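These notes concern the structure reproduced below.
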Amino acid sequence: MMLLGPFLVALIPWIIILTFSWWLSKKGFTLFVRMLPGIIAIIVAVILFYIGIVNIRGFEGGAYAILGFFLTIFSIISFATVAQKKNNQRYNI
């Protein structure tokens with residue numbers, strides 16, 4: 001339960017981040033704008049990790065740290081999916 005709780009809590013923001021990034025890519029925004037939700041999620045994950053380890057400590061702090069870890073992993077997955085180019089549009093003439 002110690003791992004499952006933070007994992008399930010991290011799934012909700014990941015779904016929101018992934019859908020928002022996908023929507024921004026469908027609208028044709030630049031790469032930086034498409035990566036902004038992931039960047040914000042990384043910042044939030046670092047803050048959660050810091051709060052969990054330094055301020056709260058103990059088992060509850062560990063849960064915050066695990067939440068930050070899962071959020072970081074999901075943000076990296078979001079970066080990978082947003083950065084992909086489909087149909088290699090750069091070389092179309």
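Overview of results
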item: Residues being part of a helix (DSSP H, G or I), open to solvent by 40 Å² or more (accessible area, probe 1.4 Å) and not basic (Lys, Arg) - total across the range 26-65; result: 23
item: Within the range 1-60, considering residues that are touching a Phe, Trp or Tyr at 6+ places or on another chain (Cβ under 6 Å) and among the small types (Gly, Ala, Ser), the one nearest to SER75 (Cα to Cα); result: GLY38
item: Set THR72, THR81: member being modelled with pLDDT under 85 and part of a helix (DSSP H, G or I); result: THR81
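The values are calculated or read from the model by the stated rules, or taken from the named source; none is laboratory data. It should be emphasised that the depicted structure is a prediction, and the values quoted were computed from it without experimental measurement. Neighbour counts run over all protein chains shown; Cβ positions are idealised from the backbone, glycine included. Quick note on the areas: whole protein, heavy atoms, side chains included, nothing else; ligands and nucleic acids left out. Shrake-Rupley method; radii C 1.70, N 1.55, O 1.52, S 1.80 Å.
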